[in-house]
Amino acid sequence: MKIEDYDDQTLVLYVLGSLAADQAESIDQLSVIDEDFASRVETIEADLIDAYVAGQLSGRTLEDFTSRYLASPRRRERVAFATDFQKMLAGAAFTSQGLNAASLESQSNSPDSHVASFHRNRAGRWSPAARWALAAAALALVFLGAWIALTNARLNADIRRAREQQTALVRTAEELRREIDEMRSAGSEKEKELESLRQRLAQVQQQQQAQGSGVRQQTDVPNILSFLLTPQTRGINQPPQLSLAAAVDYVTLQLDLEPVDFTVYRAELKTAGGQVAWRSGRLRAKRDGAGRALHITVRAGLLKSGRYSIIAYGIASDGNSEPVGTYNFTVVR
Amino acid sequence: MAFFDRKNCASPDDLADETLNRVARRLEEQGSITDATPAQFCYITARYIFLEYLRRAEHRELALDELSASPEAHDQTQPAGEPDEGQLRERRMECLERCLQSLENASREMIVRYYRGEQRAKIDNRRALALQLGITLNALTIRACRVRDKLEMCVSKCVAAHG
């Protein structure tokens, strides 16, 4: 017969000595001349011993094991080893069959001290120095973890603050850019006014030259009339009167401001009928004693006899305008 | 030795030694063995020695039943001067622990994991271990068997040395 013809059950019977003589002899020969077969038989024998120790054998197999297999002192030693080994691996759990295998000669009533002593030996293997070192290492790990957590929290707070600062800086930069744009546009309007004044001056000079007379005794600069206006209150006072001679070219009006919190302003000149006769560019208030005032200059030609109102607006950072004062006056020509 | 032990011979170690001695002697005398493979020749020699063992007068009476019924097999009393069963068990466990520690780390871990678990869990455990080691289950079984044999021999010598 070939090796593959012997199944595990046959080999179990062989190990137990329960096989027929001719079959047993064949297996004897194979187990000596074939190393792999010998390993297989040995494995089956080891598994059989372990099954016996674990109380898993029964019936005829158990009978043959106890009567035939355990007949040999060497095999009894193998069973004793298996019992001890299983005890060591599994603690104190073992079966009554295992107990029998460990002490076939006698039934011992003594407590199973060797397992307890085994565990004691294992526990006692840690020296005090090693235990202290382990405790110190664990404590160091705890502190390290706490330090890392705190550092992390602090860094997160720093990052948050830096982001907020960055946002504020960006907002400030936007506001400054807007102010610069407004100032540029105000500047360009001023330039336009100046250019217009130059042209007017040039015209006047040409007229003078053409007429050949120096009507004006004054200098060649435009004739500007300055006037101070205060915000309209609820009183029944008459609005101030502005006498405007024909020779006046420009009227500069100083508008005293109420205490308000704007940096940029604008103004509108309205007729009694509510029509807007003139609009200013972006204006900045100037200090005037204890308060602040706006200065606007309008061409005298715009002002006919009648009532007028100048409304000053504060311009907020979002671009919205808010009225901050109304200045009424009457022009008399 | 396993061959003689399975035949329930009283001294399987001595018979195994005798077998190897005869094979060595034959090799010395003839220089080589040509009529059989070395393993086959060993088996044939062992078989002859077993038959001689059976023929010898002092062993013929020791049949299997007599061997299992012998006083040595079930002696309940303790021979004088020898340790009792409790002490022997204690010594075996100590020797087992020592022998386990003397194994290489890989072998120790392998053998402990090989026998861990019960029934189905044990089989699954072994499959996982074989996979982890990159070997077949069969190869793992053979490896575990060899380590176990090594442990058994170590424990046996240790117990004898302290006995």
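General observations
- So A:GLN241, is it in contact (Cβ under 8 Å) with a residue 12 or more places away in the chain and within 21 Å of A:ALA186 (Cβ to Cβ): no
- Residue check for B:ASP17: among the acidic types (Asp, Glu), modelled with pLDDT of 85 or more and surrounded by fewer than 14 Cβ atoms within 10 Å (Cβ to Cβ): yes
- The condition (being without any contact (Cβ under 8 Å) to a residue 12 or more places away in the chain and in a loop (DSSP other than H, G, I, E, B)) is satisfied by just one residue among A:GLY274, A:GLY281: A:GLY274.
- Within the stretch A:256-282, tally of residues that are over 19 Å from A:ASN328 (Cα atoms) and buried (at least 16 other Cβ atoms within 10 Å of the Cβ): 4
- Among the residues making up the stretch B:137-152, those that are facing chain A (nearest Cβ under 10 Å) and under 12 Å from the mean Cα position of the chain (by Cα) are B:CYS145, B:ARG146, B:ARG148, B:ASP149, B:LEU151, B:GLU152.
- Residues that are closer than 26 Å to B:VAL112 by Cα, more than 8 Å from every other protein chain (Cβ to nearest Cβ) and part of a helix (DSSP H, G or I), drawn from the stretch A:46-68: A:ASP47, A:LEU48, A:ILE49, A:ALA51, A:TYR52, A:VAL53, A:PHE65
- Among the residues making up the stretch A:162-187, those that are loosely packed, with under 11 Cβ neighbours inside 10 Å and of a type in the set (Ser, Thr, Tyr) are A:THR167, A:THR172.
- Some residue of the stretch A:244-252 being of a type outside the set (A, V, I, L, M), farther than 24 Å from A:VAL204 by Cβ and part of a loop (DSSP other than H, G, I, E, B): no
- Condition met for B:SER102 (away from every other protein chain (no Cβ under 13 Å) and surrounded by 14 or more Cβ atoms within 10 Å (Cβ to Cβ)): no
- Filtered residues of the stretch A:180-226 (kept if at pLDDT 75 or above and of a type in the set (Val, Ile, Thr)): A:ILE180, A:VAL204, A:ILE224
- Qualifying positions in the stretch B:27-42 - assigned to a helix (DSSP H, G or I), free of Cβ contacts under 8 Å to residues at least 12 places away in the same chain and surrounded by 14 or more Cβ atoms within 10 Å (Cβ to Cβ): B:ALA39, B:GLN40
- Candidate set: the stretch B:113-136, residues that are farther than 17 Å from A:GLU42 by Cβ and basic (Lys, Arg); chosen: the one farthest from the other protein chains (Cβ to nearest Cβ): B:ARG127
- Residue match in the stretch A:127-143 (condition: modelled with pLDDT under 75, surrounded by fewer than 10 Cβ atoms within 10 Å (Cβ to Cβ) and either small (Gly, Ala, Ser) or in contact with a His (Cβ under 7 Å, 6 or more places away or on another chain) (or both)): yes
- The stretch B:10-60, residues that are within 21 Å of B:LYS157 (Cα to Cα) and among the hydrophobic types (A, V, I, L, M, F, W, C): B:ALA10, B:LEU15, B:ALA16
- The numbered conditions (1) over 24 Å from A:SER67 (Cβ atoms); (2) at pLDDT 85 or above; (3) of a type outside the set (Phe, Trp, Tyr) are all true for A:GLY55 except (1).
The values are calculated or read from the model by the stated rules, or taken from the named source; none is laboratory data. The model shown is predicted, which means the values in this text are computed figures rather than measured ones. Positions of Cβ are generated from backbone atoms using ideal geometry, with glycine treated the same way; all protein chains shown enter the neighbour counts.
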